[in-house]
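The values are calculated or read from the model by the stated rules, or taken from the named source; none is laboratory data. Since the model is a prediction, treat every value here as computed from it, not as a measurement. Neighbour counts run over all protein chains shown; Cβ positions are idealised from the backbone, glycine included. All accessible areas refer to the heavy atoms of the entire protein, side chains included, with ligands and DNA or RNA removed. Shrake-Rupley method; radii C 1.70, N 1.55, O 1.52, S 1.80 Å.
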Amino acid sequence: MKNYLESIALAGKNYCIFLIDNPWTTFAALFLGLGIWLVEFVEIYIFADFRYLTSLFLMIAYDTMAGIKRVKYLHNLNPGVNPAPNSKVFKDKTFSKITYYLIMLGSLHGLAHFQVKDQEVTVFHAFEYAALVAMMAAEFWSVQENYAAIGKKTIFLLAWQKLAEYLPSGTKKPEV
């Protein structure tokens, strides 16, 4: 028993010496462990579909770029009526949208995946899926609106042109 306790004490001493001699390795290991725990916590309690989040953030980035392009175009077209692009508008619109989406995703994930007596209640999954699709569709629609405002052909405009070939000639073009 004495040898066993001495071995444990020696191992602890060597471990402490290693930690002191290798502070960057210690910091990296602690940081990695905390990161893994945080990812697991987020997947369970906040949101689990990181591929969807990547797609959503890409759509937000596309919308942001298209919105900046729209504001620049409209400002160059008529500087007296349309203000110049600035970071305040970017910050207010984009970051408030991201905050709203994160709050909605987290709350809907909690609603759709809560458990009662270790059984997941699945009745709310449709709400979560509908919201996921609605967020992506809203971003897509916004990109289309931004490009339509600067005179670019959009998917909706092309579809309307094809549909207009089959409609009577008195039908008006939709506002996009």
Checking Gly110 against (1) open to solvent by 100 Å² or more (accessible area, probe 1.4 Å); (2) closer than 22 Å to Phe41 by Cβ, the condition it does not meet: (1)
Test: Gly33 is under 41 Å from the mean Cα position of the chain (by Cα), modelled with pLDDT of 85 or more and either open to solvent by 80 Å² or more (accessible area, probe 1.4 Å) or of a type outside the set (D, E, K, R) (or both): yes
Matching residues in the stretch 129-154 - criterion: being among the hydrophobic types (A, V, I, L, M, F, W, C), under 19 Å from Tyr73 (Cβ atoms) and assigned to a helix (DSSP H, G or I): Trp141, Val143, Ala148, Ala149
Ala28 vs. criteria open to solvent by less than 60 Å² (accessible area, probe 1.4 Å) and over 30 Å from Ile150 (Cα atoms): yes
Looking only at the stretch 36-47, and only at residues there that are farther than 15 Å from Ala112 by Cβ and under 18 Å from the mean Cα position of the chain (by Cα), the one that is least open to solvent (accessible area, probe 1.4 Å): Val42
Residue ranges of helices (runs of 4 or more DSSP H) in the stretch 1-77 with at least 3 members of a type in the set (S, T, N, Q): 2-21, 50-77
Whichever residue in the stretch 48-98 is of a type in the set (D, E, K, R), farther than 17 Å from Ala137 by Cβ and free of Cβ contacts under 8 Å to residues at least 40 places away in the same chain and, among such residues, is most open to solvent (accessible area, probe 1.4 Å): Arg51
